[in-house]
Amino acid sequence: MEIFLNLDSYENYLKKHPIHKLLNIDLKDYGEINKKQIKDIYYSVDPNLSEAFPAELDDLVRLHYLITSRKVTTILEFGVGKSSIVFDHALKFNKEKYFDYVSQNLRRKNKFECFSVDNNQEWIDKCKLTAKTNLVNYHYSKCKVSTFNGRICTFFESLPNICPDFIYLDGPDQFSPEGNVRGIDTKHPDRLPMAADILAIEHFLLPGTFILVDGRTANARFLKTNLQRDWCYSYSEEFDQHYFELIERPLGIYNKKQIDFCLGNSYYKNFE
């Protein structure tokens, strides 16, 4: 899955799309853009963590690139944060370039909108106040431990009623879901996030839909094992990201128009 084939360098991309300025990042102080930030061994599993994770510019550049290169119109994001700011900026770029065509030719009710789901109202309120995002709709929902086909996992109680063509899975954290199933929950520091919301809506998704799972390898493997349609899957060990693309024949004329416009002829090479 050569999704970053035309991303020549992070530095050049930031010159064209200076998203680091939106995040108040000084490139001189940041260090190497394509190098991961080293954190404490228990940093990501600290239930008392009260600050947002530091920005990973390489991740954010790739997110922005995917939204612009795939001409994404509607994003479903699990977990608000710096990615919400990047999605807002990328959708503004797409809206400026493609609004007229999309409005006149594609059936997209929520065109150029991002819907960000989180179960932490405090994070949502903070992001609303500081992020200055105009195209992001913040959606609060409780998250609970439940099951999918007998497998213990977590679900948000409610989701935005949309049809996304891009899904970003980076939440919830493992300490937020409420309840347990037979004494099992995700709060133990040796446990792992296990969100199953995408599985519940899989059969509503359109061919061409793209899913990015940031880290959360156990969760990505859970999705891969339980997804039932024709998904193309790849994993980047370098980026620690998982990619899923729904490779199926178009459902009808409007889905085909969307695929033709957003993804082009390269999409159909999957069937050759």
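Observations
- For Cα extents along the principal axes in Å, calculated from these coordinates, the label among [x] 85, 43, 41; [y] 50, 49, 34; [z] 48, 42, 40: [y]
- Distances between placed amide hydrogens fall under 5 Å for MET194 paired with THR154, all partners being 5 or more residues away or on another chain.
- Note, ³J(HN,Hα) from phi for the range 17-25, Karplus 6.51, -1.76, 1.60, rounded to Hz, x at Gly and Pro: 10, x, 5, 4, 5, 5, 9, 6, 9
- Remark: the SER9-ILE184 segment gains 58.6 nm on full extension, using 0.36 nm per residue and subtracting the alpha carbon distance.
- Flagged links, alpha-carbon separation over 26 Å, of LYS15/LYS109; LYS109/LYS132; LYS71/LYS132; LYS28/LYS111; LYS111/LYS132: LYS15/LYS109; LYS28/LYS111
- Taking a point 7 Å from the Cα of ALA218 along the Cα-to-Cβ direction, the residues of the range 174-200 with backbone N closer than 11 Å to it are 174, 185-195.
- Phi to ³J(HN,Hα) by Karplus 6.51 cos²θ - 1.76 cosθ + 1.60 over the range 145-152, Hz, x for Gly, Pro: 6, 8, 9, 10, 6, x, 8, 6
- Long-range amide H partners of THR147 with built H, under 5 Å: CYS153
- Only Lys, Arg (+1) and Asp, Glu (-1) charged, at Cβ; the range 125-272 dipole about Cα centre in debye: 340
- Test item: Cα-centred dipole of the chain, Lys/Arg +1 and Asp/Glu -1 on Cβ, debye: 860
- Cut-off under 5 Å, modelled amide H: who pairs with PHE166 long-range: THR74, LEU76, PHE210
- Note on the chain: with a GNM built from Cα contacts shorter than 10 Å, the maximum mean-square fluctuation among LYS142, LYS28, LYS257 falls on LYS28.
- Cut-off 18 Å, label 7 Å out along Cα→Cβ of LYS21, residues of the range 83-99 by amide N: 85-94, 96
- Förster radius 35 Å - calculated FRET efficiency between TYR254 and LYS92 (Cβ-Cβ, nearest 0.05): 0.90
- Antiparallel DSSP beta bridges within the range 10-271, as percent of all bridges there, nearest 5: 45
- For the chain, a Gaussian network of Cα nodes joined below 10 Å ranks GLY171, GLY215, GLY252 by mean-square fluctuation, and the top entry is GLY252.
Values quoted throughout were computed directly from the atomic coordinates according to the rules given, and no laboratory measurement underlies them. Since this is a predicted model, take the numbers as computed values, not measurements. So basically every Cβ, Gly included, is an ideal-geometry build from the backbone, and we count neighbours across all protein chains shown.
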